[in-house]
Amino acid sequence: TDSVLGFAPPEIPPTRHTMILLDASASMDTLERGETRFDRSAERAHELVDRLSTNPQHRVMVATVGRRITPLTLWTRDEEAAHDAIDDALAQGPLDLRLDVGAVNNAVRTILSGLEQAEAVLFTDGAFDHEGLDLSFRASVVGERMTNVSMEAFNVRPALDGSASYAIFAAVRNHTDAPIQATLLLYAQDGARAVEDFVSPDRIVSSHGMTLPPDSV
């Protein structure tokens with residue numbers, strides 16, 4: 001309302017809420033051009049915090065996601081707290097698990113329910129299947145686009161014949177809607193993460209050609 005001096009106080013910005021979600025699944029540890037996908041997602045998350053902090057009424061929550069959501073902050077207007085949470089997630093790094101997008105999607109919808117102008121942003125490499133899901137978040141994709149084939153299970157057991165050898169069980173999933181010709185290479189290399197770590201023929205233990213049917217293991 002105008003005062004007797006004709007001065008109108010500035011309008012207060014609307015309260016807004018943004019969840020910043022960091023995909024902490026195993027594929028985010030992929031190394032590309034000297035930087036992991038998780039590193040790149042943290043950089044983008046920091047940039048988003050900087051942009052949102054220009055509105056003093058904007059509250060953010062930082063969380064990592066895998067099989068479930070792990071909040072690293074409450075709803076906060078503290079820009080420094082949000083940056084610290086992202087750095088803490090970066091120090092921990094991705095986990096040896098997959099992203100359960102259905103569980104995460106339901107949790108995000110519940111958390112945002114009833115909040116003013118609320119949204120969630122997931123920084124991810126997109127290595128998950130969301131067919132049939134009405135996503136409650138928008139994805140900011142990091143990493144290079146490639147054929148999406150993943151190792152879904154891996155196990156080593158002593159051979160059943162009682163010898164000193166071992167049997168290796170591997171489940172390989174084709175996430176696309178077309179058949180893919182693939183080769184499963186078993187390497188012996190400690191600490192390997194990037195594509196560059198898997199190009200030494202002298203480290204190949206065995207090689208197995210296969211045809212992966214669409215959307216199957």
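What to note about this one:
- In the context of the full set of protein chains, residues of the chain present 61 Å² of accessible surface per residue (probe radius 1.4 Å, heavy atoms only).
- Paramagnetic reach from ALA26 in the stretch 77-103 [backbone N under 12 Å; point 7 Å along Cα→Cβ]: 95-99
- Note on the chain: percent of Cα-Cα distances in each 5 Å bin, starting at 0 and stopping at the bin with the largest distance, equals 1, 6, 12, 14, 15, 13, 10, 8, 6, 5, 3, 2, 1, 1, 1, 1, 0, 0, 0, 0.
- Computed Rg/Rh of the stretch 37-157, alpha carbon atoms with Kirkwood Rh: 0.98
- Computed on the stretch 146-217, the Cα convex hull volume stands at 116 Å³ per residue.
- Taking label positions 7 Å along the Cα-Cβ direction at both SER53 and ASP177, the computed distance is 4.3 nm, reported to one decimal.
- Shown for the chain: the carbon plus sulfur share of the solvent-accessible area, taken with all protein chains present and a 1.4 angstrom probe, equals 51%.
The values are calculated or read from the model by the stated rules, or taken from the named source; none is laboratory data. This one's a predicted model, so the numbers in the text were calculated from it and none came from an experiment. Cβ coordinates were reconstructed from backbone atoms using ideal geometry, including for glycine residues, and neighbour counts include every protein chain displayed. For the accessible areas, the whole protein counts, side chains as well, though only heavy atoms, and no ligand, DNA or RNA atoms are used. Shrake-Rupley method; radii C 1.70, N 1.55, O 1.52, S 1.80 Å.
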